[in-house]
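Chemist: Following this message is one structure expressed as structure tokens.
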Amino acid sequence: MKSPLAPVQSLPGIRFVGIVDCHRLQPGLREAAAAGLTVGAHTSVEAVPFVNATVESVTEYSHGAPIETATLKFRTSKFLPIDVQLGFVVTDVCGNSWLIGAAEPPYPKVSLTRKTGLPGGDPAAWEIEVKAVGQRSLLPCVY
């Protein structure tokens, strides 16, 4: 039997990136998404200014079960809070929104790299890479 999950999914152009506190999300969102439901990010979503955002989701199978790895990359001038477990909401150019993160572990791993830019005029920015791994990591959502 073929899986309904696509092995690789890349979202077309990203028009919105927002952050949420995973501890403020309702429990059970991954299970709801696995059941085919669109989940609700019923908490405040703080918009983040960004450029060059990409989202990719890769599904692999381990012992007959799907393992999805969602990766979000973007550059921003805003320092992201590191004192909370961050989740991310992204919206693509088609108007579809996706949640990376949930109320329960494992939480997304967030890497922040400070780039100073080149003397020729490149701006200083934070490069952000978010990775989430689980049976479902890129959850269709509304917010």
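Chemist: Quick check on my filter: what residues within segment 70-107 are within 19 Å of Val39 (Cα to Cα), surrounded by fewer than 16 Cβ atoms within 10 Å (Cβ to Cβ) and among the polar types (S, T, N, Q)?
Modeler: Once the filter is applied, which keeps residues that are within 19 Å of Val39 (Cα to Cα), surrounded by fewer than 16 Cβ atoms within 10 Å (Cβ to Cβ) and among the polar types (S, T, N, Q), segment 70-107 yields only Asn96.
Chemist: Also, quick follow-up: Look at segment 1-25 and say how many of its residues are modelled with pLDDT of 95 or more and in a loop (DSSP other than H, G, I, E, B).
Modeler: Count: 1.
Matching residues to (1) of a type outside the set (Gly, Ala, Ser); (2) in contact (Cβ under 8 Å) with a residue 60 or more places away in the chain:
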{"position": "Thr38", "(1), (2)": "yes, yes"}
{"position": "Ala41", "(1), (2)": "no, yes"}
{"position": "Ser44", "(1), (2)": "no, no"}
{"position": "Val58", "(1), (2)": "yes, no"}
{"position": "Gln85", "(1), (2)": "yes, yes"}
{"position": "Thr91", "(1), (2)": "yes, yes"}
{"position": "Trp98", "(1), (2)": "yes, yes"}
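Chemist: Same structure again: Quick check on my filter: what residues within segment 118-143 are open to solvent by less than 60 Å² (accessible area, probe 1.4 Å), aliphatic (A, V, I, L, M) and modelled with pLDDT of 90 or more?
Modeler: Within segment 118-143, Ala125, Ile128, Val130, Ala132, Leu138, Leu139 meet the criteria.
Chemist: Return yes or no: is Pro66 in a loop (DSSP other than H, G, I, E, B), in contact with a Ser or Thr (Cβ under 7 Å, 6 or more places away or on another chain) and not hydrophobic (A, V, I, L, M, F, W, C)?
Modeler: no
Chemist: Residue under question is Val58, and the condition is that it be closer than 29 Å to Gly117 by Cα, among the β-branched types (Val, Ile, Thr) and out of contact with any Asp or Glu (no Cβ under 6 Å at 6 or more places or on another chain); does it hold?
Modeler: no
Chemist: Follow-up. Considering each of Leu72, Leu80, Leu99 in turn, give the residue that is in a loop (DSSP other than H, G, I, E, B), under 23 Å from Gly13 (Cβ atoms) and touching a strand residue (DSSP E or B) at 6+ places or on another chain (Cβ under 8 Å). First the steps, then the outcome.
Modeler: On the way: Leu72 fails: in a loop (DSSP other than H, G, I, E, B); Leu99 fails: in a loop (DSSP other than H, G, I, E, B).
Sole residue among the options that is in a loop (DSSP other than H, G, I, E, B), under 23 Å from Gly13 (Cβ atoms) and touching a strand residue (DSSP E or B) at 6+ places or on another chain (Cβ under 8 Å): Leu80.
Chemist: In segment 27-56, how many are in contact with a strand residue (DSSP E or B) (Cβ under 9 Å, 6 or more places away or on another chain), open to solvent by 80 Å² or more (accessible area, probe 1.4 Å) and more than 30 Å from Ala125 (Cα to Cα)?
Modeler: Counting residues in segment 27-56 that are in contact with a strand residue (DSSP E or B) (Cβ under 9 Å, 6 or more places away or on another chain), open to solvent by 80 Å² or more (accessible area, probe 1.4 Å) and more than 30 Å from Ala125 (Cα to Cα) gives 2.
The values are calculated or read from the model by the stated rules, or taken from the named source; none is laboratory data. The structure displayed is predicted, hence computed values, not measured ones. Here the Cβ is made from the backbone with ideal geometry for all residues, glycine too, and neighbour counts use every protein chain on show. To get the accessible areas, we keep the full protein, side chains included, count just its heavy atoms, and leave off ligands, DNA and RNA. Shrake-Rupley method; radii C 1.70, N 1.55, O 1.52, S 1.80 Å.
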